[in-house]
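Novice: Before anything else, here's the structure in question.
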Amino acid sequence: MSDQSDSNSRDQSTAGSEIELALAQIAIEPGDVDGNVERATAAVGRAAAAGADLVALPELFNVGYFAFDEYASHAEPIDGRTFGRLRDAAIDHGVAVLAGSIVEDLAATDAVSTPAETGLANTAALFSADGALELVYRKHHLFGYESAESDLLVPGESVDTATIRGFTVGVTTCYDLRFPELYRELVDSGAQLLLIPSAWPYPRVDHWEALSRARAIENQCYVATINGSGSFDDADLLGRSTVYDPWGVRLASSGDDPALVTATVDPETVEGVRSSFPALADRRR
């Protein structure tokens, strides 16, 4: 694919309702923030050149999820360098970008509200094609099993959606996949497309695939899981970034190497599935 951008000359109006979604499964080197961000922005450019309308990146793509000792030294505010680079990439290439996620320094963030006055959070940001900050999501469920995440980070509190080119989009992160009630909340807010940046490691391949597909089936929406590629001292990311449709059918997927996964998604398909098989209407609370 070409790295050449057609910038903001691309028509961002929706002639139809469908959009082209790209999952950027980049190589993540532990602690190599400059290199990782460079690979992320390059992936945005390649995706845009291939016709993407929305590009999504993995969890902690700049520092690497398992680089726990690097979290504090590389923490940034919402308007810091990493999100700034991805915001600029969104504007330069005329595409929406889910920069998901970085270690956020909550004390240094003043652009948006925070769940605590100090501490660190695992934070994703969704930018529109004109660079507007449409959504901020801080990971709710912090992994404690053989992980320092729950000791190092503050959990998020808000669950919001945003509209990108006619799609109502929700965001969660990695371990959140194991907690289905979070996705019900997003669906109740109108979500049609769920983007899930992740750092899912071997050996839990079956869980990665089963949980992602289940979230699509039970919520009758698109689910896109965006994983990284790479090795850490005690973990290897399994890749397998995937787009599932509202029936749980796999539309596109990757292996464990760096890849750009693309699929066409359409909000009218979501509404059609929910209308023809109205399982959500049969919920009892």
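The values are calculated or read from the model by the stated rules, or taken from the named source; none is laboratory data. As the structure is a computational prediction, the values presented were derived from the model and not from experiment. Cβ placement follows ideal geometry from the backbone for every residue including glycine, while neighbour counts extend to all protein chains displayed. Ligands, DNA and RNA are stripped out before the accessible areas are found, and what is left, the full protein with its side chains, is counted by its heavy atoms. Shrake-Rupley method; radii C 1.70, N 1.55, O 1.52, S 1.80 Å.
Novice: Within the chain, what's the longest stretch lacking GluC sites (Glu not before Pro) that sit in DSSP loops with no more than 13 other Cβ atoms inside 10 Å?
Specialist: Within the chain, the longest run free of exposed GluC sites (Glu not before Pro) spans 158-285.
Novice: If contacts are Cα pairs under 8 angstrom and at least 6 residues apart, what is the relative contact order of the chain in percent?
Specialist: 19
Novice: Would you calculate, for the chain, the mean residue ellipticity at 222 nm contributed by helices, counting each DSSP H stretch of 4 or more residues as -39,500 (n - 2.57) and dividing by all residues, to the nearest 500?
Specialist: Result for the chain, helices only: -7500 deg cm²/dmol.
Novice: Might you tell me the accessible area per residue for the chain, computed with a 1.4 Å probe and given in Å²?
Specialist: 40
Novice: A further question follows. Would you work out which of VAL63, ALA47, ALA121 lies farthest towards the positive end of the dipole of region 1-160, given +1 charges on the beta-carbon of Lys and Arg and -1 on that of Asp and Glu, about the Cα centre?
Specialist: The residue sitting farthest along the positive end of the dipole is ALA47.
Novice: Using only the alpha-carbon atoms, what does region 143-213 span along each of its principal axes? Please give whole angstrom values in decreasing order.
Specialist: Computed over the Cα atoms, the extents are 39, 28, 21 Å.
Novice: What distance in nm separates the two pseudo spin-label positions at PHE277 and GLU181, each 7 Å out from Cα along the beta-carbon direction?
Specialist: Placing both labels 7 Å along Cα→Cβ, they lie 2.6 nm apart.
Novice: With an 8 Å cut-off on Cα pairs and a minimum separation of 6 or more residues, tell me the relative contact order of region 105-233 in percent.
Specialist: For region 105-233, the relative contact order is 17 percent.
Novice: Region 140-216: which chymotrypsin sites (Phe, Trp or Tyr not before Pro) are DSSP loop and have at most 13 other beta-carbon atoms within 10 angstrom?
Specialist: Qualifying residues, ordered by number: TYR145.
Novice: Take each complete run of DSSP H in the chain, measure how far its Cα atoms stretch along the helix's own axis, and keep only those covering 20 Å or more with mean Kyte-Doolittle hydropathy at least -1.0; list them.
Specialist: Span-like helices here: 33-49, 205-219.
Novice: Taking amide H positions as placed 1.01 Å from N in the peptide plane, with prolines and chain starts having none, which residues 5 or more places from GLY228, or on another chain, fall under 5 Å of its amide H?
Specialist: When sequence neighbours closer than 5 places are left aside, the close amide H contacts are GLU59, SER198, TRP200, GLY239.
Novice: Continuing with this model, one more query. Accessible surface of HIS141 in the full protein assembly, 1.4 angstrom probe, to the nearest 10 Å²?
Specialist: Taking all protein chains as shown, HIS141 has close to 40 Å².
Novice: In square nanometres and to one decimal, what's the mean projected area of the convex hull around the Cα atoms of the chain?
Specialist: If you wrap the Cα atoms of the chain in a convex hull and average its projections, you get 13.8 nm².
Novice: Rounded to the nearest 20 Debye, what is the dipole magnitude of the chain about its Cα centre when Lys and Arg each give +1 and Asp and Glu each give -1 at the C-beta?
Specialist: Here the chain has a charge dipole of around 920 debye.
Novice: Based on Cα coordinates alone, diagonalise the gyration tensor for region 97-169, multiply each eigenvalue by 5, take square roots, and list the semi-axes in whole Å, largest first.
Specialist: 24, 14, 10
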